[in-house]
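Below is one structure; the comments refer to it alone.
The values are calculated or read from the model by the stated rules, or taken from the named source; none is laboratory data. In this text the structure is predicted, and so the values were computed from the model without any measurement. Here Cβ is always computed from backbone atoms with ideal geometry, including for glycine, and neighbour counts include all displayed protein chains. Calculation scope for accessible area: heavy atoms of the full protein, side chains included, ligands and nucleic acids excluded. Shrake-Rupley method; radii C 1.70, N 1.55, O 1.52, S 1.80 Å.
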Amino acid sequence: MYTALQQELDTYVRRTPKSAEAHKRNLQRLPLGVASNYRAYDPYPIFAKEGVGSKLRDVDGNEYIDHNLTFGALMAGHCHPAVVKAVEKRLSTGTMFGMPHEQEWELAEEICKRFPVEMVRFGNSGTEVTMHAIRLARAATGRDKIIKFEGAYHGLHDAALVSVKPHAPDYGDINAPTSVTGGLGVPKASLANVVIATFNDLSTVERRFKENPDEIAAVILEPILMNVGLCIPQPGFLEGLRDLCKKYGALLIFDEVKTGAKLGWGGASEYFGVKPDMICLAKSIGGGFSLAAFGTHKWVMDLITEHKVFHGGTYNTNPVAMAAGLAVFREVLTRENYAHVGKLSKKLVDGYRKTIAKVGQAYIAEAGANGALMLYPKEIRNYRDWEKIDVDLWRHYWFGMVNRGVLAQPYWWDEQWTISVQHTEADIEKHLAAFDDIAADLAKAQQERADQVAVAAH
């Protein structure tokens, strides 16, 4: 471990004793002391108390500029006034019906205005809607297999928990990656029906189509691979996927759980100019409430209409979440707010790039409201490029920023920052000041590691 990293960890422990105490208590009743594995990290996670606007406060009273924003689900920021107002109004007129209501059509119409889909169904999480989208694609094509990309995350159902974070030697040849289970409990049949390709490599995708003739129902991907920081599609990649799906009779599914709200008004389709067959939305469309949706062509949704594919859910179109969603689409995710976020993003990215020379081997990846400090000598293009990260160096960055009052992103080196509509130029300036303060130590840490490697080699 780097000397400077240990110093930052010691500072973290001194600043967060109540979080340590709360985590110790949680361990008695919750595995890992948390409600989701992604919230667990050493020495213990920060326990949140309240969030307003662009700020979050922990149980020890420490305030942070929040770019974690619930793993990117809060582009609206904390307690956005429009969302709070809509939810408060809804709370007094019914929180749960299990019956149709007018908000359903209203929000479906908002989604169809922005995204290239004709009909919509709703759910409560990204996991739900990617699961239903895959099932619907299989039904529409009469095929069982799907292609997903190595390193991609699409939720927690069996079809998604394949080759999420595989390692050598299990993952095989990069030109024909092996399907690797994401953990115990995933049936072997799931592995057989999920074939793996390499992001940004169209030849691996076509190879899978040829190896599985008339068996591939769909290709599912995040238009920007976001389970590896930020991995940007290379020119022609998304267009090539569109062409391959058409050529081989498969559906193209854009998992826009992260990108749908945060790339721009019309999501990845507008940003990249490529139209998928199906789109999955969640996270930021709910403004802090559990809301998700999947949309596609009418002829595909007719399978639900005709009772050939079943889709249901007691909490689907919960009126409180729908009220929040309508406020988000109409008053938060506006073109004016996207312009505001774009201006802040440019300021943040430009500032990082001015300071990054002090860091050594690193670059900034960014798109829309998202960005990340990528600790690599050159741009990554796929999961295996990303896998080479120096984890201790990244931890030094994250804890160093936290100790200076900035949650630069969720804890985990596969995540990215989010800029909310409630962030300000002052927030960005504080973020940049914190980064500037630790940049030189990051460079020293890189040199320390290089020296260690050199000594080991001799």
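Summary of computed values
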read-out: Efficiency of FRET from Cβ geometry, LYS308 and LYS347, R₀ 30 Å, rounded to 0.05; value: 0.05
read-out: For the chain: accessible area per residue (Å², 1.4 Å); value: 43
read-out: Carbon plus sulfur fraction of accessible area for region 8-57, probe 1.4 Å, in percent; value: 51
read-out: Extended-chain gain in nm, criterion 0.36 nm per residue less alpha-carbon gap, CYS112 and TYR41; value: 21.6 nm
read-out: ASP451 - accessible surface, heavy atoms, 1.4 Å probe, Å² rounded to 10; value: 80
read-out: Length released on extending from LYS188 to ASP243, taking residue separation times 0.36 nm less the Cα-Cα span; value: 16.8 nm
read-out: Sequence-separation-based contact order of region 154-235, relative, with Cα cut under 8 Å and 6+ spacing, percent; value: 22
read-out: Projected area averaged over orientations for the chain, convex hull of C-alpha atoms, nm²; value: 22.2
read-out: Sites HIS297 and TRP105 - FRET efficiency at Förster radius 22 Å, r taken between beta-carbons, to 0.05; value: 0.75
read-out: Pairwise FRET efficiency - ASP10 versus ARG57, Cβ, R0 = 22 Å, nearest 0.05; value: 0.50
read-out: Pairwise centroid distance, computed over Cα atoms, of region 239-289 with region 375-441, Å; value: 26
read-out: Region 8-81: relative contact order as a whole-number percent, Cα under 8 Å and 6+ apart; value: 24
read-out: Kyte-Doolittle at least -1.0, axis length at least 20 Å by Cα - qualifying DSSP helices, the chain; value: 126-141, 425-457
read-out: Charge dipole (debye, nearest 20) of the chain; +1 at Cβ of Lys and Arg, -1 at Cβ of Asp and Glu; value: 300
read-out: Theoretical gain in end-to-end length, GLU379 to GLU50 [0.36 nm per residue, Cα-Cα removed]; value: 114.8 nm
read-out: Selection from ILE438, ASN403, GLN452, by position along the positive dipole direction of region 395-458 (Cβ); value: GLN452
read-out: Burial ranking of peptide ranges 187-193, 247-253, 216-222 (average Cβ count within 10 Å, highest at the top); value: 216-222, 247-253, 187-193
read-out: Accessible surface, 1.4 Å probe, highest first, among residues THR259, THR314, THR334; value: THR314, THR334, THR259
